[in-house]
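Take this structure, written in structure tokens, and hold onto it; I'll ask about it next.
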Amino acid sequence: MESSVRTTTLPCGEAIPVLGQGTWKMGEDSRRRSEEVDALKLGLDLGVTLIDTAEMYAGGGAEEVVAKAIAGRRAEVFLVSKVLPSNASQAGLQRACENSLKRLATDRIDLYLLHWPGSVPLSETVEAFEALKKAGKIRHWGVSNFDTDEMQELGLLSDGDKVQTNQVLYNLVRRGPEFDLTPWMRKRGIPLMAYSPVEQGALAYNARLAEVAARHSATAAQIALAWVIQQDGVIAIPKAGSQAHVRQNFAALDIKLTPQDIADLDSAFPPPSRKSGLEMI
Ligand code: NAP
């Protein structure tokens, strides 16, 4: 994979970009499809080669949008998809993966995540992930929406230490993971993949962020993103449905927040002082 974007390292030793492209809500409206494909393609052109999708998004429609965007350039892309917990059994996972591969028009997923904890025993899911790895259908696996206790439980399982990431809700107004989840993951060298890094667009209209943004001739959304990705071992996967937003998100990589910026952001959006359950969108 080639990328000019700053990278972080997975436990397996592979480097992946700290900025990726989300796809939730893509593939829902056929009139927006070509704009969505063009947005993802531009991201790839800029070196934002990590694309995050899921079988759940638009009932598979988002994976089809991704297939169009990566056609002819699969080798450039680090492809992340997710399996629903209801499909996380030995047989279910294999079937779900085959279906995702068909929709994505590829022969492998780079990182396959369990979308959130479910009722299938985690040991069975881990075994199934490892079987998919052996079969060459996926290269790595990880989890999503796992709180610290769930990561601990995973860590005790055979092959549980093969987990490569935990994708969770994390942004300036969702700082809960900082209390004990991020430290737990950092200690083990497992990057945190932050979803909804601009709080589904809401942070683009935040007045406190706008103040910091003015110092950098940037937008509030760019500051929200810059704050996420300036942290060690954290990857942000904003969803941008237009080329303009893709360009702005890419430019956020160049924003260097000053100690004063960080202090102002900490005062506007305080870090957690106690444990709260992991939030999910
Ligand atoms: P998000 O990335 O925080 O926000 C997306 C929204 O922000 C869209 O409305 C987008 O508008 C807007 N936006 C993007 N860039 C912008 C910019 N530079 N300026 C102003 N607005 C901007 O929220 P998200 O889509 O919920 O999260 C990102 C990705 O994380 C998802 O797409 C999905 O891949 C993943 N995710 C995972 C889970 C999970 O359970 N694992 C849950 C939620 C999300 P436009 O579309 O008009 O550009």
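We did not get these values from a lab; they are worked out from the coordinates using the rules stated. Quick caveat: nothing in here was measured; it's all calculated off a predicted structure. Backbone-built Cβ (ideal geometry, glycine too); neighbour counts: all protein chains shown.
For region 130-262, count the residues as N, evaluate 2.2 N^0.38 Å, and divide the Cα radius of gyration by that value, please.
This ratio for region 130-262 stands at 1.18.
Also: With a sphere of radius 9 Å drawn around the Cβ of Asp159, what net charge do the other residues whose Cβ falls strictly inside it have (Lys, Arg +1; Asp, Glu -1)?
Numbers: positive: Lys162; negative: Glu127, Glu130, Asp161.
Surrounding charge for Asp159 is -2.
Using the membrane-span-like helix rule (whole DSSP H runs, Cα extent along the own axis of at least 15 Å, mean Kyte-Doolittle hydropathy at least -0.5), which helices of the chain qualify?
33-46, 122-134
Would you compute the Debye intensity of region 1-50 from its alpha-carbon atoms alone, equal scatterers and no solvent, and pass along log10 I(q)/I(0) at q = 0.12, 0.17, 0.19, 0.29 Å⁻¹ to two decimals?
Here the Debye-derived log intensity ratios amount to -0.33, -0.58, -0.67, -1.04.
In terms of modelled amide H atoms, which long-range or inter-chain residues lie less than 5 Å from the amide H of Thr8?
So Thr8 has HN proximity to Ile16, Val18.
Could you tell me what fraction of 2.2 N^0.38 Å the Cα radius of gyration of region 74-199 comes to, as a two-decimal ratio? Mind showing how you got there, number by number?
Values: Rg = 14.3 Å, N = 126, 2.2 N^0.38 = 13.8 Å.
Relative to the 2.2 N^0.38 Å estimate, region 74-199 comes out at 1.04.
Among Lys239, Lys187, Lys256, determine the one that fluctuates most according to a GNM of the chain built with springs between C-alpha atoms less than 10 Å apart.
Lys187
Over the alpha-carbon set of the chain, work out the extent along each principal axis and list the three values in angstrom, largest first.
Reported extents, whole Å, longest axis first: 53, 44, 31.
Compare Pro85, Pro117, Pro270 in a GNM of the chain, Cα atoms joined below 10 Å, and give the one with the largest fluctuation.
Of Pro85, Pro117, Pro270, the Gaussian network model singles out Pro270 as fluctuating most.
Related question: Could you bin all the Cα-Cα distances of region 234-277 into 10 Å bins starting at 0 and give me the percent of pairs in each, rounded to whole numbers?
21, 34, 35, 11
Another question about this same structure. Can you work out ³J(HN,Hα) from phi for every residue in region 181-197, in order, using Karplus 6.51 cos²θ - 1.76 cosθ + 1.60 and θ = phi - 60°, giving whole Hz and x for Gly and Pro?
Using θ = phi - 60°, the values come out as 6, 4, x, 4, 6, 4, 4, 9, x, 9, x, 9, 9, 8, 9, 6, x Hz.
Averaging the inverse of every distinct alpha carbon separation and then flipping it gives the Kirkwood radius. What is it for region 201-268, in angstrom units?
For region 201-268, inverting the mean 1/r across all distinct Cα pairs yields 12.1 Å.
Using the Cα gyration tensor of region 25-87, with a ≥ b ≥ c the square roots of its eigenvalues, what is the shape: rounded (a/c below 1.5), prolate (a/b larger than b/c) or oblate (neither)?
Because a/c hits 1.5 or more and a/b fails to exceed b/c, region 25-87 counts as oblate.
Counting helices only, and only those DSSP H runs with n ≥ 4, report the 222 nm mean residue ellipticity of the chain as the sum of -39,500 (n - 2.57) divided by its residues, in deg cm²/dmol to the nearest 500. Walk me through the numbers on the way to the answer.
Numbers: 10 runs with 106 residues, N = 281.
That calculation yields -11500 deg cm²/dmol at 222 nm.
In addition: Placing +1 at every Lys and Arg Cβ and -1 at every Asp and Glu Cβ, with all other atoms neutral, what dipole size does region 28-94 have around its Cα centre, in debye to the nearest 20?
Working: 8 positive and 11 negative charges, 28 e Å.
It comes to approximately 140 debye.
Which of His245, His115, His216 ends up with the largest GNM mean-square fluctuation for the chain, with Cα atoms connected below 10 Å?
His216
Now for a different question. Dividing the alpha-carbon Rg of region 1-153 by 2.2 N^0.38 Å yields what? Don't skip to the answer; put the middle values down first.
Details: Rg = 15.1 Å, N = 153, 2.2 N^0.38 = 14.9 Å.
This ratio for region 1-153 stands at 1.01.
So if I take the centroid of the Cα atoms in region 46-77 and the same for region 182-202, what is the distance between those two points in Å?
21 Å
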